[in-house]
Structure formats: C-alpha cells, structure tokens
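The values are calculated or read from the model by the stated rules, or taken from the named source; none is laboratory data. What you see is a predicted model, and the numbers here were worked out from it, not measured in a lab. Neighbour counts run over all protein chains shown; Cβ positions are idealised from the backbone, glycine included.
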Amino acid sequence: MDGTLREHWDEIYADVGPSQVSWYQPTATVSLQLIDGLELRGDEPVVDVGGGASTLVDALLARGHSDVTVLDLSQAALDAAGARLGRELDRRTHLVCQDVLTWTPPRRFGLWHDRAVFHFLVDPAAQAAYLKVLKAATDPGSHVVIGTFAADGPEYCSGLPVARYDADALGAALGTGFMIVDTAREEHITPRGAAQLFTWLSATRVS
Ligand SMILES: C[S@@+](CC[C@H](N)C(=O)[O-])C[C@H]1O[C@@H](n2cnc3c(N)ncnc32)[C@H](O)[C@@H]1O
C-alpha cells in the first residue's frame with residue numbers, strides 16, 4: 001500500500017470531514033439510477049471500490065441488498081462509514097481497508113461500483129492493474145458502474161491530477177468483454193457550491 005497516498009486521503013477525511021469533502025453527496029442518485037437499470041438481485045455481492053464514507057451502501061441496504069463490501073485506502077473514511085452504519089456492519093456490510101490496485105478479491109461480485117476512483121489512475125500501467133483486479137473480482141454476467149470526471153470536467157480532484165473521460169472513452173478504457181448498458185452525464189455540486197461534470201457508465205461483463 002502506498003503510505004503517502006493513504007495519508008493524503010486520511011488527512012482529507014479527518015481535516016475536512018466526510019460530509020464537507022468536495023465529492024460528498026447526500027444521496028448517490030446517479031449510481032442508484034444506473035443500478036436500477038441492471039438486473040441485479042439483492043443477494044448478489046456488491047463492492048463499492050473507493051467507496052470511502054459514501055452513503056451508497058446505506059441506500060443499497062435500505063433497498064434490501066444483503067452483501068455490500070466497501071473497499072477504500074482510507075481507514076478514516078471507513079471509520080466514518082462504520083460509525084454511521086452501526087450494527088448493519090456485522091450483518092450485511094464489510095469494510096476493507098486496501099489499495100484497489102493490490103487487492104486480491106476473495107470472491108466474485110455481482111456489481112463493481114466506482115465513483116471517482118478510476119479517474120485518479122493517469123498512468124496506463126495503473127489502469128491496467130485496476131482492470132486486472134476488476135476482472136478478478138467479477139464473472140461474465142457481473143455488472144460494472146463507473147463514474148469519472150467528464151472530458152470537460154475538472155483536471156484535478158482533491159489536489160491530484162485525473163484522467164477525464166467522455167462515455168466512449170470510458171467504454172474503451174474498460175476494454176472488450178463488456179456490453180455497455182447505459183451512460184449518463186451529471187453535474188455534481190460540491191458542498192462549497194462548485195459544479196463538477198461527471199461521466200457515468202454501466203455495463204455487463206459478457207466474457
Ligand atoms: C473522490 S473520493 C470518492 C469517494 C466515494 N466513491 C464517493 O463517491 O463518495 C475517492 C476515494 O477513493 C479512495 N481511493 C483513492 N485511491 C484509492 C485506491 N488506490 N484504492 C482504494 N481506494 C482509493 C479515497 O480514499 C477516497 O475515499
């Protein structure tokens with residue numbers, strides 16, 4: 001694990017607070033809309049990669065999902081999620097403090113969700129490592145929902161450079177073996193009132 005990167009994220013969550021970070025959203029609206037468009041059963045395992053303190057897990061539990069893993073580099077973010085989730089943690093939710101690029105998935109997931117993590121990978125080798133883990137964590141028939149900054153979105157996120165995508169480029173980055181189900185464009189408003197354009201894609205792995 002890259003200690004420097006982990007400290008970077010821990011400091012932001014600790015200093016700014018989980019509900020004041022630029023990416024905070026009270027409800028993961030677009031994620032849920034895209035998940036609605038997939039044929040995903042409630043008992044299929046879900047992993048929210050780089051999920052941090054996102055409330056997506058809360059919404060999935062409220063919808064009856066029974067097996068949700070939140071994986072993140074930042075223990076501070078996972079602690080915030082854990083404190084919020086309370087006893088649901090032991091029953092239906094798993095928090096994993098891990099760098100996605102070096103993660104060995106212990107099993108296969110029906111849904112791989114990523115909001116604003118893949119876009120930090122500006123180096124092709126890191127993108128390839130991410131996709132290798134994604135493939136190891138999914139099977140044909142599994143679904144993927146990914147959101148990144150849009151091609152005309154910000155060039156930096158939390159002080160780090162990002163790769164920006166339109167829907168075609170994001171689909172191409174995913175590579176062959178995926179059938180695109182839907183795409184979306186979103187204007188996210190940060191807690192401080194700035195607009196950030198996102199590109200979203202949902203897909204089903206076919207091979
Ligand atoms: C912009 S935030 C988005 C958080 C969350 N997905 C959301 O929508 O609220 C990026 C998150 O990815 C995590 N992260 C960054 N690089 C990571 C990596 N290599 N492996 C796992 N998590 C990572 C950070 O700690 C942070 O929680």
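Values computed for the structure shown
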read-out: Boolean, L134 is under 17 Å from A203 (Cα atoms), within 13 Å of the chain's Cα centre (by Cα) and more than 10 Å from the ligand (Cβ to nearest atom); value: yes
read-out: Test: residue in region 108-120 that is farther than 17 Å from T29 by Cα, within 13 Å of the ligand (Cβ to nearest atom) and in contact with an Asp or Glu (Cβ under 6 Å, 6 or more places away or on another chain); value: no
read-out: Selection status of L89, within 25 Å of E7 (Cβ to Cβ) and buried (at least 18 other Cβ atoms within 10 Å of the Cβ); value: no
read-out: Condition broken by L40, with the remaining ones in (1) crowded, with 17+ Cβ neighbours inside 10 Å; (2) among the aliphatic types (A, V, I, L, M); (3) within 12 Å of the ligand (Cβ to nearest atom) satisfied; value: (3)
read-out: Pick from region 72-81, criterion in contact with a strand residue (DSSP E or B) (Cβ under 8 Å, 6 or more places away or on another chain) and over 11 Å from S54 (Cα atoms), ranking: surrounded by the fewest Cβ atoms within 10 Å (Cβ to Cβ); value: Q75
read-out: Close pairs (8 angstrom Cβ cut-off, 6 or more residues apart or separate chains): in contact (Cβ under 8 Å) with a residue 40 or more places away in the chain in region 90-111, within 9 Å of the ligand (Cβ to nearest atom) and not hydrophobic (A, V, I, L, M, F, W, C) anywhere; value: Q98/D72; D99/D2; D99/R6; V100/G50; V100/Y130
read-out: Check on T93, in contact with a Gly (Cβ under 9 Å, 6 or more places away or on another chain) and of a type in the set (S, T, N, Q); value: yes
read-out: Candidate set from region 146-181 (those that are in contact with a helix residue (DSSP H, G or I) (Cβ under 6 Å, 6 or more places away or on another chain) and farther than 12 Å from F120 by Cα); member that is surrounded by the fewest Cβ atoms within 10 Å (Cβ to Cβ); value: I180
read-out: Close pairs from region 21-43: first modelled with pLDDT of 95 or more, partner assigned to a loop (DSSP other than H, G, I, E, B) and of a type in the set (A, V, I, L, M, F, W, C), Cβ under 6 Å, at least 6 apart; value: W23/A116
read-out: Region 142-168 - residue that is of a type in the set (D, E, K, R) and within 15 Å of the ligand (Cβ to nearest atom) and, of those, nearest to the chain's Cα centre (by Cα); value: R164
